[in-house]
Amino acid sequence: MPFGFVYDMDYSYLREYSEMLGKISGNLNQLTKRINSTENIYEEDMAEVKAIMNEVRKRQKAVLKKQPLIHKG
């Protein structure tokens with residue numbers, strides 16, 4: 001006699017999100033190394049950091065929308 005249910009969930013988007021965060025982390029690391037080595041913070045660097053953080057927020061919202069247990073009521 002079978003018990004319960006079997007759910008086939010596709011979480012490939014989480015793998016993609018994780019890979020994207022790894023790339024972003026590398027970009028931020030390069031920026032901080034450049035800032036630390038030159039001891040200067042350039043406007044372009046700050047613009048890049050802001051763009052990276054906006055991308056993180058955008059991707060995070062997209063991932064949260066795909067979560068099956070999170071629903072707006």
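Remarks
So that you can scan it fast, the table gives a plain yes or no per residue for (1) among the aromatic types (Phe, Trp, Tyr); (2) open to solvent by 60 Å² or more (accessible area, probe 1.4 Å); (3) in a helix (DSSP H, G or I):
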{"residue": "Asp10", "(1), (2), (3)": "no, yes, no"}
{"residue": "Tyr13", "(1), (2), (3)": "yes, no, yes"}
{"residue": "Tyr17", "(1), (2), (3)": "yes, no, yes"}
{"residue": "Met20", "(1), (2), (3)": "no, no, yes"}
{"residue": "Gln30", "(1), (2), (3)": "no, yes, yes"}
{"residue": "Lys50", "(1), (2), (3)": "no, yes, yes"}
{"residue": "Glu55", "(1), (2), (3)": "no, no, yes"}
{"residue": "Gln60", "(1), (2), (3)": "no, yes, yes"}
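- In region 32-41, the qualifying residues are those that are in a helix (DSSP H, G or I) and open to solvent by less than 100 Å² (accessible area, probe 1.4 Å), and the one that is nearest to Glu55 (Cα to Cα) is Thr32.
- Long-range neighbours under 9 Å by Cβ, at least six apart or interchain, first residue β-branched (Val, Ile, Thr) within region 29-41, second assigned to a loop (DSSP other than H, G, I, E, B): Ile35/Ile41; Ile35/Tyr42
The values are calculated or read from the model by the stated rules, or taken from the named source; none is laboratory data. In this text the structure is predicted, and so the values were computed from the model without any measurement. Here the Cβ is made from the backbone with ideal geometry for all residues, glycine too, and neighbour counts use every protein chain on show. These area figures cover heavy atoms from the full protein model, side chains too; ligands, DNA and RNA do not enter into them. Shrake-Rupley method; radii C 1.70, N 1.55, O 1.52, S 1.80 Å.
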